[in-house]
1. In nm, what is the difference between 0.36 nm times the number of residues separating residue B:74 and residue B:135 and their Cα-Cα distance?
2. Around residue A:229, with a cut-off of 12 angstrom between Cβ atoms, what is the net charge of the other residues, counting Lys and Arg +1 and Asp and Glu -1?
3. For a distance above 18 Å, tell me the whole-number percent of Cα pairs in the stretch B:1-80 that qualify.
4. List the DSSP H helices in chain B whose Cα atoms stretch 27 Å or more along the helix axis and whose mean Kyte-Doolittle hydropathy is at least -1.0.
5. Compare the Cα positions of B:123, B:34, B:96 along the charge dipole of the stretch B:29-148 (+1 at Cβ of Lys, Arg; -1 at Cβ of Asp, Glu; about the Cα centre) and return the one farthest towards the positive end.
6. How many nm separate the modelled label positions at residue B:122 and residue B:151, each set 7 Å beyond the Cα in the direction of the Cβ?
7. Suppose every K and R has +1 on its Cβ and every D and E has -1 on its Cβ; what is the size of the dipole of the stretch A:151-250 about the Cα centre, in Debye to the nearest 20?
8. In degrees between 0 and 90, to the nearest 10, how far off the longest principal axis of chain A does helix A:21-41 point, with axes built from Cα atoms?
Amino acid sequence: MSPRIMGAVALRVLTQLRRDHRTMAMLLVVPMLLMSLLWWMFDDVGPGFDRFGPALLALFPFIIMFLVTSVTTLRERSSGTLERLLAMPTGKVDFLGGYAIAFGLVAAVQSVLAVTLCVWLLDLDIVGPPWMLTIVAVADALMGTALGLLVSAFARTEFQAVQFMPAVVIPQILLCGLFVPRPLLPRVLEVVSDVMPLSYAVEAMNNVAQTASSDLGGVDSGVWTDVLIIIGFVMAALALGAATLRRRTA
Amino acid sequence: MVNKPGAAVDVDQLTVRRGGSDVVRGVTFTVPSGQVTGLLGPSGCGKTTLMRSIVGVQIVAGGSVTVLGRPAGDARLRDQIGYVTQTPSVYDDLSVEENLMFFARVLAVSSAEVRRCIEAVDLAEQKDKVVSQLSGGQSSRVSLAAALLGEPALLVLDEPTVGLDPVLRRDLWALFHRLATRGATVLVSSHVMDEAERCDRLLLMRDGVLLADDSPANLLSTTGAADVENAFLTLVEQGGAA
């Protein structure tokens, strides 16, 4: 592992994003527009925005980073730049870590913007400290990044990579507790939702929104447990992703 | 097999299987260091696979490849080999300079080295252009410049001069010879036989086997052919592998 190379990869990914104004704008503005849409939908209906808002704050970083990463790494695999990097002194961890740092930073900015909008302009009711939502969002974005890296190994074209979104992400959206509280799901589905990272991100967001505590960070320790579980998923996905990065190919 | 002194690359009985058939079939040769060696043969004869085996990114079925005294693919070789693939492997959405700065950071070489490599491939005027806006020949030169970073001891160049303007092609060959004079070993592939005369040494390849491993002058005198194209034909008609 080399911090120099990891930093170089992160800097390069951010430079690529900086040059791509449209993607950058979409990454930062679309979540805010969608949160505004949700707020507007429930304007005449009652407390729906407070109920669904926190869960949606968990969905955006996950979905967006999944898509962005699966396409960028697929491009890196098919353009030969990955092979070139791996023929240089780049460690697999440097490569994966560089992507995680770059997209983690983007997710942090994205989340600060979305949380700021929700809490201060749209009056989203957050009992816990709002900055904690950003911590969860970053962990959650890293999860999207790690899964995106992993699935890019199983796609040959960008078309296929995008198809993994409904296959990998939508089941998690359905089972994360947004539609049916997880304890009320049929037993089998509840167990399935237990091994899905998004469930923990949504749980953590809801926890921050609904509870406060004098514990570390002003949140219930359950939030930290959820964050750690997400980090565990991230590590597992990155380890599997690293196994798909081959220095030698047929 | 004992590594011959002065050999930068030592390939012994190399066999590579791809898609169910042998694309490199028991090939043995050495590449002398400090020279420009040309790997020539028609498209599809196994040149790229052979080069990938030397760089250490190819899964091989049998035989051995020793590079600079170590088995190909050894971690200690990673900053000593510059490899240029046929399709340019650089980032389309970055400028020439940004691409090279990135690879320079990975290799821990200075920004002065970046400037030197950009100038070596004659792209100083285009350095702030995004690669996707460059012509095919220009983007393959960006890829070449990235391989030159840090003056690697071995350069493996897969058809680096295809589609280039003759003047530029001549300049690049001159560059390869300058690098060789400074001690680097240069292995260049081409499917254009007329590039053969620019090499110190030639490897002629066809259908996964080597037809010849000789200097251009020797090749012509042993086959009695007027040029390398005809020498190649003579060797094929003799049906013999060298």
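Coordinate-derived values only; no laboratory data. Worth saying up front: this structure is predicted, and the values here are computed from it rather than measured. A quick note on method: Cβ atoms are made from the backbone with ideal geometry, for glycine too, and the neighbour counts reach across all protein chains shown.
1. Values: separation 61, 0.36 × 61 = 21.96 nm, distance 3.48 nm.
Computed gain between residue B:74 and residue B:135 is 18.5 nm.
2. Numbers: positive: none; negative: A:140, A:194, A:203, A:226.
Surrounding charge for residue A:229 is -4.
3. Values: 1232 of 3160 pairs.
Roughly 39 percent, once rounded to a whole number.
4. Numbers: long enough: none.
Span-like helices here: none at all.
5. B:34
6. 2.4
7. Numbers: 6 positive and 7 negative charges, 138 e Å.
Taking the Cα centre of the stretch A:151-250 as origin, the dipole is about 660 debye.
8. Tilt of helix A:21-41: around 20 degrees.
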